[in-house]
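A short write-up of the structure that comes next.
The values are calculated or read from the model by the stated rules, or taken from the named source; none is laboratory data. Everything numeric here is computed off the predicted structure, so don't read it as measured data. Positions of Cβ are backbone-derived with ideal geometry, glycine not excepted, and every protein chain shown enters the neighbour counts. Side chains are part of the model used for accessible areas, which takes the heavy atoms of the whole protein and leaves out ligands, DNA and RNA. Shrake-Rupley method; radii C 1.70, N 1.55, O 1.52, S 1.80 Å.
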Amino acid sequence: MKVVQIMAGADVGGAETYFVDMVMALHRAGLDQTVVIRRNSHRAAQLRAAGIDALELSFGGLLDIFTGRQLSRIIHDAEPDVVQSWMNRATRFVSRERAGVPFVHVGWFGGYYKVSNYRECDHLVGVTPDIRDHQVKGGWPAARAHFIPTFADAATAPAVDRAALNTPADAPLFLALGRLHQKKAFDILIRAQGRVPGAYLWIAGEGELRGALEKLITAEGLSDRVRMLGWRDDRAALFAAADYCVMPSRYEPFGTVMIEAWAQDTPLICARAKGPVGLIRDGEDGLLVPIDDVGALAGAMNRLLSEPDFAGALARTARARFDVEYTEAAVVRRYLDFYGEITQEIRGA
């Protein structure tokens, strides 16, 4: 079986990070893949270090007349059984007519995208049952809408040196990861941090709100207890150093960070965005708090600090769910089975 994987996303982001993780996992499983990405030297280097020859194209705006032709030539030469386009931009550049070879086109949804942008696809994949339902409500045939979750790597790593980030070795440490965007609500988390005495907070991410968040940290008098780490690829090492994970998002269709926290045995707090509500069993494998509620978030953070047995129980229950549903092996198996089933369409079976 041959698959062309196409990602034309942003320089940094959760979906883009997961794309790399998933492609490398399928590579380890022996799947024959041709991987095409929007030009990004860091992402290309990650893939090539894993033995994957990433092809880089511009994937520009509406006036980009070259990428479509180049992509069609790549697809034609690869003669794939499946072309999987990740998110809107990549999907827009796929043309079965220009490629001139038969394939099954799969569109990947990491959020609540417009279904009309995927009308040239044959099948759609959503990373949560709710996203799959969104596809069907948008007019997509239910038989061609599929739920396949993301996974996280359970491999551990030596902890990041707290001292290198001016963080005491014995201080309670909360970790948040994600793009510095309004949707991620790191402003709420920073304000909540001010109500959690003695705790430190690391925010690992990059984005357009970095300056505003740094000003907020200063205004709240938290420069001594909040660290902005920038975008990081050493997630396991960050989790190893942290005691708790917080995801305060106003909007979160899924959030791979949740699964990463479960995989790394880290107690988790999330705001009640759609993704967390669809995944977390409140009080069993994580804590849910209202969106944009500084007091409730601070209360949950303080609860984990004051009830270590409860925090440990959350992490243990979450890890048990992870081991059954969200390991690399489980998700790779689902993808390979899915590809096998849909390719029967072009094999005439």
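Before moving on, here are some points about what is shown:
- Conditions (1) of a type in the set (Asp, Glu); (2) under 23 Å from ALA157 (Cβ atoms); (3) outside any loop (DSSP other than H, G, I, E, B): number failed by ASP265: (3)
- Residue ID - most open to solvent (accessible area, probe 1.4 Å), chosen from residues in segment 64-90 that are part of a helix (DSSP H, G or I) and in contact (Cβ under 8 Å) with a residue 60 or more places away in the chain: ARG89
- So ARG319, is it surrounded by fewer than 14 Cβ atoms within 10 Å (Cβ to Cβ) and modelled with pLDDT of 95 or more: no
- A single entry from SER85, SER116 fulfils the requirement of being farther than 18 Å from GLY14 by Cα, hydroxyl-bearing (Ser, Thr, Tyr) and at pLDDT 95 or above: SER116.
- Residue selection: GLY207 fails the criterion of being of a type outside the set (Lys, Arg), free of Cβ contacts under 8 Å to residues at least 40 places away in the same chain and either in contact with a Phe, Trp or Tyr (Cβ under 9 Å, 6 or more places away or on another chain) or assigned to a loop (DSSP other than H, G, I, E, B) (or both).
- There is at least one residue in segment 50-63 that is open to solvent by 30 Å² or more (accessible area, probe 1.4 Å), assigned to a strand (DSSP E or B) and free of Cβ contacts under 8 Å to residues at least 60 places away in the same chain.
- ARG132 being free of Cβ contacts under 8 Å to residues at least 40 places away in the same chain, open to solvent by 10 Å² or more (accessible area, probe 1.4 Å), of a type outside the set (Asp, Glu) and outside any loop (DSSP other than H, G, I, E, B): yes
- Apart from one condition, GLY111 fits all of (1) outside any loop (DSSP other than H, G, I, E, B); (2) over 18 Å from LEU62 (Cβ atoms); (3) touching a residue at least 24 places away in the same chain (Cβ under 8 Å); (4) open to solvent by less than 10 Å² (accessible area, probe 1.4 Å); the exception is (1).
- Residue check, GLU284 in contact with a Ser or Thr (Cβ under 7 Å, 6 or more places away or on another chain), of a type in the set (D, E, K, R) and open to solvent by 70 Å² or more (accessible area, probe 1.4 Å): yes
- When the helices (runs of 4 or more DSSP H) confined to segment 281-349 are screened for residues that are without any contact (Cβ under 8 Å) to a residue 40 or more places away in the chain, those reaching at least 3 such residues are found at 294-306, 308-325, 328-342.
- Where a residue in segment 142-162 is assigned to a helix (DSSP H, G or I) and its partner, wherever it lies, is open to solvent by less than 40 Å² (accessible area, probe 1.4 Å), with Cβ under 7 Å and at least six apart: ARG144/ASP122; ARG144/HIS123; ARG144/LEU124; ARG162/ALA241
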